[in-house]
Amino acid sequence: MRDATIALRDGDAVDAVALQAWLCREHPALVSPTAALQLRQFPAGFSNLTYLLTVEQAEGPLALVLRRPPRGVTAGVAHDMGREHGILAALHARGVPVPSPVARCDDATVIGAPFYIMEHVDGVILRGSLPAELADQPLRIPERLAALSRTFVQTLVQIHAVDVSAEPLSALGRREHYVQRQVQGWSRRWIASRTGEVPELDAMMDWLERHRPPDSATALVHNDFKFDNLVLAPDLSRVRAILDWEMATIGDPLMDLGTSLAYWVEANDAPIFRTLGLGLTALPGNMTRADLVQAYGAQSQRDVSNASFYYVFGLFKVAVIAQQIYARHVQGLTSDPRFGALGAVVQALGRAAQHAAERGVV
């Protein structure tokens, strides 16, 4: 499914006239004063706002993607557009499959927030359903999904193998005590964003602190690696681009694995997790979470014997991310109706984390 777009939601409008004036001034080779600009919104994301920017040119339309922070958010690494633009530039230069960055604006007065523009990579993004051409061939689905699972693991291992010894990647984060800082940082975010009682997450906050291991290694960490952050070839055989580097940093790669495990839904998991568009991993042919752990360990040559800790951390972290978004909804800072259902998702993630912690499973 090539990502669908919608008309701009209420509250998410972008001043196209001001955007065009800035582009003409700063990037005249890209946009002329007479070019027609069209903006449509990608509706699927839960964090930074993402738009399809189409520029009509004499040789045909040019498709670009614009990213900006959500309304009501004025700080935080995840919403630092200049940082994400810099990560894309560094990774693109190193041959990592990411969209090529095109332009960056740090002046919030242009469209109301800093933003950057990158190339639009055409391909399939899996957001809850299979591409029509594959859905029409049900006998081939398990084979294709088994191959995609292997590609998923290979791509995560590829990310963790990127050389981070030189700037700008070396400056993305502090190397020491990453696990400790992550556990304590996400615990603080949980406390700050709570809008109601979720005792399971309170318990997991304490459990993670008591069970946290020392750092296993230092690597580039994507921090949100899942199916719907990959642009795939139509037959799902290849990753054309890895998206959403907003939370990327330098840290323990097993913590990154834990986040991916938290997003990897299995057939017996709570049905509510599929409302997030993550249920494709539960279809026959996909690896289980345990299979994914073993495949990652074999390919990366890392010790994955403590995978349950990283999985519990991943569930806790995803719950806090959902809670932060839900809190913005409660405060009236977003009109997106999807966000109203996240309170129940937070509770379900808390129960899943407690179950994994008590049984030592993934």
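Classify the range 212-362 from the C-alpha gyration tensor, please: rounded if a/c falls under 1.5, else prolate or oblate depending on whether a/b exceeds b/c. Provide the component values of the computation, followed by the final result.
Details: a/c = 1.43, a/b = 1.27, b/c = 1.12.
Taking the square roots of the gyration eigenvalues as a ≥ b ≥ c, the range 212-362 is rounded.
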key: Cα-based helix-to-principal-axis angle, 307-330 vs the chain, degrees rounded to 10   = 50
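First select every other residue whose beta carbon is under 12 angstrom from the beta carbon of Asp80; then total the charges, Lys and Arg +1, Asp and Glu -1. Show your work: numbers first, answer last.
Values: positive: Arg67, Arg68, Arg83, Arg104; negative: Glu84, Asp106, Glu246.
With Lys, Arg at +1 and Asp, Glu at -1, the net is +1.
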query = Angle, helix 289-300 long axis vs. longest principal axis of the chain, Cα atoms, 0 to 90°, nearest 10?
reply = 80
inquiry  = Test of the criteria: in the range 104-193, which GluC sites (Glu not before Pro) are in a DSSP loop and have at most 12 other Cβ atoms within 10 angstrom of their Cβ?
reply    = Glu176
inquiry  = Net charge around Asp235, counting only other residues with Cβ within less than 12 Å of its Cβ (Lys, Arg = +1; Asp, Glu = -1)?
reply    = +2
R0 of 22 Å, Cβ-Cβ distance Ile272-Ala132: FRET efficiency to nearest 0.05 = 0.25
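Could you sort 261-272, 295-306 so that the peptide with the highest average Cβ count within 10 Å comes first and the rest follow in order?
Working: 261-272: 17.5, 295-306: 15.6.
Listed from highest to lowest mean packing, they are 261-272, 295-306.
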task = Between the alpha-carbon centers of the range 136-177 and the range 1-56, tell me the distance in whole angstrom.
result = 29
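Each value in this text was obtained by applying a stated rule to the coordinates, not by laboratory testing. For clarity, every value in this text was computed on a predicted model and none was experimentally measured. Note that each Cβ is placed from the backbone with ideal geometry, even for glycine, and that neighbours are counted across all protein chains shown.
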